[in-house]
Amino acid sequence: MDGCFICNKHSGNIQTSGIAIYEDDFVYVGHIDRNGNPNYLGHIMIDLKRHVPTLGEMNMEEAKVFGMMMAKVSKALMESEAAEHIYSFVAGDSVPHLHMHLVARYPNTPKEFWGPNAVYDWEEAPMGNNEEVISLCSRLKKYIENHPYE
C-alpha cells in the first residue's frame with residue numbers, strides 16, 4: 001500500500017531501529033523505532049505482513065502465527081531480559097496496518113509507571129540507542145531460535 005508506514009518498512013523503503021528478531025511469510029518482529037530518539041528497551045512490534053487494519057481481518061493461518069509469536073516474544077522478554085510483565089496492545093489509530101505492541105516491564109519499576117505508555121515517563125527507565133536496541137534484538141532472536149517449540 002502506498003503511503004503505509006509498515007508496508008514501506010517491509011519493502012525496505014524505510015530504515016528502522018534494530019534488526020529483525022523474527023520474520024516469516026506472515027509476520028515481522030522488530031523493536032519500535034522512535035525516529036532517532038532513545039528507545040525504551042523492550043518495546044517490540046509484531047507486524048502482520050499482509051496489509052489489513054484490524055485483528056478481525058486476519059485469516060486463520062495468519063492468526064496462528066501472530067498468536068504464537070506474541071507468546072514466544074513475550075517469553076523471550078521474560079527469560080532473556082528478566083521482564084516481570086509484558087503489556088500488549090493493538091491500537092491502529094495512527095497506522096492502519098495491523099501491528100501489536102509488546103512492552104516489557106522490568107523489576108523495580110515503580111507502580112506509578114506501570115502501563116505500556118507510563119514506562120516511558122519513568123526517569124530511570126531502560127532507554128537505549130540503536131546499538132543497544134540491536135544488542136537486545138540479537139538476544140531475543142537467539143532465544144527464539146534456541147527455543148523453537150516453547
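Rule-based calculations on the coordinates, nothing more; no lab input. Remember, it's a predicted structure, so these values are computed and weren't measured experimentally. In this analysis, Cβ positions are derived from the backbone assuming ideal geometry, glycine residues included, and neighbour counts consider all displayed protein chains.
Annotations for the structure displayed:
- 3J(HN,Hα) along segment 92-99: x, 6, 8, 10, x, 9, 3, 8 Hz, from the Karplus curve 6.51 cos²θ - 1.76 cosθ + 1.60 with θ = phi - 60°, whole Hz, x for Gly and Pro.
- Each principal axis of the Cα cloud of the chain was evaluated for its coordinate range; sorted largest first, these ranges are 40, 34, 28 Å.
- Distance in nm between pseudo-label sites at ASN37 and ILE14 (7 Å out along the Cβ direction from Cα): 1.5
- For segment 99-150, fraction of C-alpha pairs farther apart than 19 Å, in %: 44
- Virtual paramagnetic centre 7 Å along Cα→Cβ of ASP24, amide N under 16 Å, in segment 30-67: 30, 46-50, 59-67
- The C-alpha atoms of the chain define a longest principal axis, and helix 60-81 lies at about 20 degrees to it.
- By the rule of a C-alpha distance below 28 Å, with chain neighbours fewer than 8 residues away ignored, the lysines paired with LYS142 are LYS9, LYS49, LYS64, LYS72, LYS75.
- Here the contact order of segment 1-147, divided by its residue count and restricted to Cα pairs under 8 Å and six or more residues apart, works out to 29 percent.
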